[in-house]
Amino acid sequence: MFKELVVATTVLTSLTVFSPAYAGPYTDDLSKCLVRSASPSDQKDLVRWIFAAIALHPDIRSMANITTEERAAINKSTGTLMVRLLATDCRTESVAAIKYEGDISIQTSFSLLGQIAAKGIFSAPEVAAGMSDLTANVDADKLNALYKEAGVTPK
């Protein structure tokens with residue numbers, strides 16, 4: 001009953017890291033260009049970089065085994081990817097966005113690309129199955145009571 005709710009909430013919570021703060025028309029154009037220009041392989045590389053960066057956090061560092069050499073290679077390939085997307089593939093959109101909306105346009109556009117790339121990762125059957133395992137630890141009665149108190153019938 002709550003499987004979809006728990007999985008959807010977990011995915012959305014995971015993606016809030018990438019929520020854009022501002023999106024004007026030039027930022028929108030840049031975002032669209034980045035998404036259009038980033039291949040599935042590029043998107044996987046971006047997610048690998050995000051994972052490698054998050055894995056540095058002291059609370060989860062012990063859960064990931066990324067060597068210094070691997071991290072350097074990931075940083076190098078992602079830096080090359082970002083420059084290619086901004087300075088080559090989406091040069092016109094990048095210039096306009098920076099000129100009219102400032103540096104935040106780059107951050108916002110890559111945030112959207114990160115969201116889209118992460119959705120691709122979460123759609124892998126192994127990841128979806130692992131996330132759905134969370135439902136085994138959800139107290140459905142307590143959630144039903146919460147819905148009842150809110151005057152909503154759970155789906």
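The values are calculated or read from the model by the stated rules, or taken from the named source; none is laboratory data. Just so we're clear, the structure is a prediction, and the values are computed from it rather than from any experiment. Glycine gets a Cβ as well: all are built from the backbone with ideal geometry, and neighbour counts include every protein chain shown. Surface areas here come from the heavy atoms of the whole protein model, side chains and all, with no ligands, DNA or RNA. Shrake-Rupley method; radii C 1.70, N 1.55, O 1.52, S 1.80 Å.
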How much accessible area per residue does the chain have, in Å², with a 1.4 Å probe?
65
For the range 87-98, in order, what is each residue's ³J(HN,Hα) by Karplus, 6.51 cos²θ - 1.76 cosθ + 1.60 with θ = phi - 60°, in whole Hz (x at glycine and Pro)?
8, 10, 5, 10, 4, 4, 5, 5, 4, 5, 5, 5
Please enumerate, by chain and number, the lysines with C-alpha under 30 Å from the C-alpha of LYS142, excluding those fewer than 8 residues away in the same chain.
LYS3, LYS119, LYS155
Ranked packing of 35-44, 137-146, most packed first, by mean Cβ within 10 Å:
35-44, 137-146
Output ³J(HN,Hα) for the range 59-75: one whole-Hz value per residue in order, computed from phi by the Karplus curve 6.51 cos²θ - 1.76 cosθ + 1.60 with θ = phi - 60°, and x for Gly and Pro.
6, 10, 3, 6, 8, 10, 10, 10, 6, 4, 5, 5, 4, 5, 5, 5, 4
For the chain, which whole percent of the accessible surface, found with a 1.4 angstrom probe, sits on carbon and sulfur atoms?
60
Can you tell me the 0 to 90 degree angle between the C-alpha axis of helix 40-54 and the longest principal axis of the chain, rounded to 10?
70
If the cut-off is a Cα-Cα distance under 16 Å, which aspartates and glutamates reach LYS32, setting aside same-chain residues fewer than 8 apart in sequence?
ASP42, ASP89, GLU93, GLU101
Compute the acute angle (0 to 90°) between the alpha-carbon long axis of helix 104-122 and the principal axis of greatest extent of the alpha-carbon atoms of the chain; round to the nearest 10°.
50
Just round it to a whole percent: the fraction of Cα-Cα distances in the chain exceeding 21 Å.
57
